[in-house]
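**Student:** One structure follows; several queries about it will come next.
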Amino acid sequence: MRLSILAAALAVTTAFATTSASAQAVKGPKVSWRIATFGSPRTGLTHIETLRTYVEEQTGGNFSITIGYGTLGEPREFLDLLKVGAVQGATVQPSLSGSRLALYSVRDLPFLPLSDPDVQRKVHEAVHAYPPVAKEFAAWNAMPFMSSLLPQYELMGTNAKPAELADIAGMRIRALGGAGDALDRLGASSVNMPASEVYVALDRGLLDGVAFPYYAHVSFRSYELGKWMTTNLALGTTAFPVTLSQSAWDELPPQYQTLLNQAREVAYAAQKKAIQDDDAKSLAKIKGAGVELVQFAERDLEAFRAAGGKPVWDEWIAEREAEGLPGRDTFEFVMSEVEKARQ
């Protein structure tokens, strides 16, 4: 998996830079960054590998980036690590950050109309620049740098295949944020845990199922234990931005800031291509492992969206407003940006 990710990142980087790269290498001082993430190299982290490859090539290794796959801290600690300057970047998840990113967790709500990666990017970048959200990150010396463009989440289970959505009641399912809230309304019990802990929890019977995109079911090996997987639930996705240390960014020379902004465009292209290419491969691998594919009737899906969509949105808004936060304004901002992005 690591070789395929690096190959994809390098291919896109090379295509972008071949005509102008070595002759126009960026001059600058020696700078070493550390970016914290978890798990192992996988499709959903193609963008970080691409950022690293691009900046190191363009600076002749003067600007180097070390990616810590589970070696620089736990996901729940990433904001703290950014605040104290222990790392210069991290893949932050609001669902694992408690109340520290209360408004940014709007991105975790279920059934948001963000299945198109181009629409998703535009909306996410607008949210990153939205002042109340930017203020939340700033409190932790953090700045969201780019989205991960994750695809829709589907359920995989280790118990008997559900004939209808009502059969999910009573299951213990790892599902973050609003997706978990939506499943709770079906009578399931959602569990909030880092993806890297899921395999052991499934193996020990602590979980009955997990919500992941196709590629993550392969990356985190849930397909090895699963008996069935949904293909048309489309729960939504979770926020997983590459987040940088504001102070580390401010300390970069201007040419390195410009270089990172250029690298971001290359990384977005690599990420989008890697996820699109991997979806079909992952689905084939899951089917090849004997996992039975489940499609629910449209009437069941409509009932689920009615129970687990707007009511969860409204509850999220009410909770933020009760905390004195602009929950309604934030949600309405997101939906207005969706409409703009679709035009």
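Residue by residue, here is whether (1) of a type in the set (Val, Ile, Thr); (2) under 20 Å from the mean Cα position of the chain (by Cα); (3) open to solvent by less than 10 Å² (accessible area, probe 1.4 Å) holds:
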| position | (1), (2), (3) |
| --- | --- |
| Leu183 | no, yes, yes |
| Asp208 | no, no, no |
| Val218 | yes, yes, no |
| Thr231 | yes, yes, no |
| Gly236 | no, yes, yes |
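**Student:** Still on this model: So Thr158 ticks every box in (1) more than 16 Å from the chain's Cα centre (by Cα); (2) within 19 Å of Gly236 (Cβ to Cβ) but one. Which box is left unticked?
**Tutor:** (2)
**Student:** Looking at the stretch 324-343, which of its residues are basic (Lys, Arg), farther than 14 Å from Trp313 by Cα and at pLDDT 95 or above? Spell out how you get there, then give the answer.
**Tutor:** The initial filter retains those residues of the stretch 324-343 that are basic (Lys, Arg), namely 328, 340, 342.
Subset that is farther than 14 Å from Trp313 by Cα: 340, 342.
Residue satisfying the conditions is Lys340 alone.
**Student:** Could you name every one of the helices (runs of 4 or more DSSP H) located completely within the stretch 31-142 that has at least 1 residues being under 18 Å from Thr330 (Cβ atoms) and of a type in the set (A, V, I, L, M)? Walk me through how you get there before you give the answer.
**Tutor:** Working: elements: 46-58, 78-84, 117-129, 131-138.
By residue number, 117-129, 131-138.
**Student:** Which residue is nearest to Pro113 (Cα to Cα), if the candidates are limited to the stretch 301-343 and must be aliphatic (A, V, I, L, M) and open to solvent by less than 30 Å² (accessible area, probe 1.4 Å)?
**Tutor:** Here is the first cut: in the stretch 301-343, the residues aliphatic (A, V, I, L, M) are 301, 303, 306-307, 312, 317-318, 322, 325, 334-335, 338, 341.
From what is left, the residues that are open to solvent by less than 30 Å² (accessible area, probe 1.4 Å) are 301, 312, 317, 334, 338, 341.
Numbers: Leu301: 15, Val312: 15, Ile317: 18, Val334: 10, Val338: 7, Ala341: 11 Å.
If we take residues in the stretch 301-343 being aliphatic (A, V, I, L, M) and open to solvent by less than 30 Å² (accessible area, probe 1.4 Å), then Val338 is nearest to Pro113 (Cα to Cα).
**Student:** Here's another thing I want to ask about it. Specify the residue that is surrounded by the most Cβ atoms within 10 Å (Cβ to Cβ); the eligible residues are those in the stretch 46-85 that are touching a residue at least 40 places away in the same chain (Cβ under 8 Å) and among the small types (Gly, Ala, Ser).
**Tutor:** It comes out as Gly70.
**Student:** Could you list, in sequence order, the residues of the stretch 145-164 that are outside any loop (DSSP other than H, G, I, E, B) and crowded, with 23+ Cβ neighbours inside 10 Å?
**Tutor:** In the first step, residues of the stretch 145-164 are kept if they are outside any loop (DSSP other than H, G, I, E, B); the result is 145-146, 154-157.
Across the stretch 145-164, the qualifying residues are Met146, Glu154, Leu155, Met156, Gly157.
**Student:** Considering the stretch 86-98 alone, what residues qualify as being without any contact (Cβ under 8 Å) to a residue 40 or more places away in the chain and either open to solvent by less than 10 Å² (accessible area, probe 1.4 Å) or polar (S, T, N, Q) (or both)?
**Tutor:** Ser97
**Student:** Another question, if that's okay. Just to be sure I understand, how many residues within the stretch 321-331 are part of a helix (DSSP H, G or I), over 22 Å from the mean Cα position of the chain (by Cα) and closer than 15 Å to Pro131 by Cβ?
**Tutor:** 1
**Student:** Could you please let me know if Gln246 is open to solvent by 50 Å² or more (accessible area, probe 1.4 Å), under 22 Å from His47 (Cβ atoms) and not acidic (Asp, Glu)?
**Tutor:** Here the answer is yes, as Gln246 does meet what is asked.
**Student:** When Arg172 is evaluated against the numbered criteria (1) over 16 Å from Phe212 (Cβ atoms); (2) in contact (Cβ under 8 Å) with a residue 24 or more places away in the chain; (3) open to solvent by 40 Å² or more (accessible area, probe 1.4 Å), which criterion, by number, is the only one it fails?
**Tutor:** Condition (1) is where Arg172 drops out.
The values are calculated or read from the model by the stated rules, or taken from the named source; none is laboratory data. Quick caveat: nothing in here was measured; it's all calculated off a predicted structure. Heads up, the Cβs are rebuilt from the backbone with ideal geometry, glycines too, and the neighbour counts pull from every protein chain shown. Each accessible area value is taken on the protein alone, full model and side chains, heavy atoms only, with ligands, DNA and RNA left out. Shrake-Rupley method; radii C 1.70, N 1.55, O 1.52, S 1.80 Å.
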